């Protein structure tokens, strides 16, 4: 399923969060994952429009909160 998507949300899907291997992640509580080069570029272009300060870091992805994730609210 993930091989046909450029960008996917890991909102309430335990399966997405377990299988995703993103090139970029935006957000944590409701994460968006860029799975392809084009998806990564799309999310980075959108980040350029954000007026608040941004943290950009390199680390193994995905990064998901253990207790506040929407996945802990839903069992999908």
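Throughout, read-outs are computed from the coordinates displayed, never taken from laboratory work. Computed from a predicted model, the values in this text were never measured in an experiment. Every residue, glycine as well, gets a Cβ built from its backbone with ideal geometry; the counts of neighbours run over all protein chains shown.
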Sort the following peptides by mean Cβ neighbour count (other Cβ atoms within 10 Å, averaged over residues), highest first: 2-11, 30-39, 44-53. 30-39, 2-11, 44-53
May I ask you to work out the translational diffusion coefficient for the chain at 37 °C, viscosity 0.692 mPa s, via Stokes-Einstein with Rh from the Kirkwood sum over Cα pairs, reported in whole µm²/s? 255
